[in-house]
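What follows is a single structure, written as structure tokens, with notes after it.
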Amino acid sequence: MEEKFSSQVSPTLLIPLYYRATESKRGEDAILHDPKAVELIGKIDYDFSVYPMDIKPSLGCPVRSWYFDQNIIEFIKSHQNEETCIVVNLGCGLDTRMDRIEYLANKNNDFSLQNVKFVEIDLPDVIEYRETLIPPKENQIHISMSIFEVKWMRDLLEKYGKVNYIFVAEGVFPYFENETLKKFFDDFANEFAPDKVKNVELWFDTTGSSLIKKKESQPKPLKVHKGAPLKMQVDDPNEFEKWNPKYKLIKANTYQDFFKWRWGILFGYCLPLFPSMMKKFSFLCGLKLN
């Protein structure tokens, strides 16, 4: 798989795909419904047995996807009666978010996707591979570009204009140094300034100093992709407001805040008694631009 891509990070796109699929196979007890992921792992010529069913990735990946899906849906609902809402997947890989959200819209019938557009952004070779498996739908476009380029930001604004935007970087930022991410945050804030958009939110997951320093605590699937080490180190969600005062924290959660019974006694009930310590490993959060 590594030989297909120019970036050593790109092959990690198989990790969340596999764990979403295994979770979806649980049926009614599943955290999320993702039959497309199940279909894809049946098509891809890869030995997925190299990924262990360790609780951290096998439960963590579905929880993370569920978390971002829920916050996207809340964003869509809160702007349901306004103009177009743009959902942007940064470093999309083989994410099937649009299918999952479409399923929930049809199942619950409490929000509409009529004015929602989905945008998938990733490196050119990833998008090329993605399109062999997941061709874009009518209300979905693919952009072949690094998320760290400013051009796609300007192209997006030129195409859609002053509407509502929600961005998700799932399983992306942890692979990059803080300085690289700070530059991205600055560029993003400058391009999606208040005079250019109606509302804009950015959701993502992190890694902290404890996870980086304690190699034994890092997700076991990453040992399969040794060329993609974790680099991001942020221990406090409020730090992003210090990176750039244009950002305001919406909320932050640890993975163990949700589905506690699935995490078990230690991870679900004992360790969460120390939230500051937990966030030094990883957390999920959302920011908005003032």
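Computed quantities for the displayed model
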quantity: Option label - Cα extents along the principal axes in Å computed here, alternatives (1) 46, 43, 40; (2) 78, 42, 33; (3) 52, 45, 41; calculated: (1)
quantity: The range 78-163 - percent relative contact order, Cα under 8 Å, separation 6 or more; calculated: 33 percent
quantity: Helix-derived mean residue ellipticity, 222 nm - over the chain, DSSP H n ≥ 4, -39500 (n - 2.57), to 500; calculated: -11000 deg cm²/dmol
quantity: Prolate/oblate/rounded label for the range 127-216 (Cα gyration tensor, a/c 1.5); calculated: oblate
quantity: Whole-number percent relative contact order across the range 1-152, with pairs defined as alpha carbons under 8 Å at least 6 apart; calculated: 21 percent
quantity: Dipole of the range 98-244 [Lys/Arg +1, Asp/Glu -1 at C-beta], most positive-end residue of Gln233, Met153, Ile212; calculated: Ile212
quantity: Global geometry of the range 45-119, whether rounded, prolate or oblate, following the gyration tensor of its Cα atoms and the 1.5 cut on a/c; calculated: prolate
quantity: Centroid-to-centroid separation of the range 239-290 and the range 74-102 [C-alpha atoms, Å]; calculated: 22 Å
quantity: Cα gyration tensor category, rounded, prolate or oblate, for the range 65-214 with a/c compared to 1.5; calculated: rounded
quantity: Length-normalised contact order of the chain in % [C-alpha pairs under 8 Å, at least 6 apart]; calculated: 18 percent
quantity: Residue (of Tyr19, Leu249, Cys92) at the positive-pole extreme of the chain, dipole from beta-carbon charges; calculated: Leu249
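FYI, it's all coordinate maths here, none of it is from the lab. Since the structure is predicted, the reported quantities are computational estimates derived from the model, not experimental observations. Because the Cβ atoms are built from the backbone with ideal geometry, glycine has one as well, and the counts that use them run over all protein chains shown.
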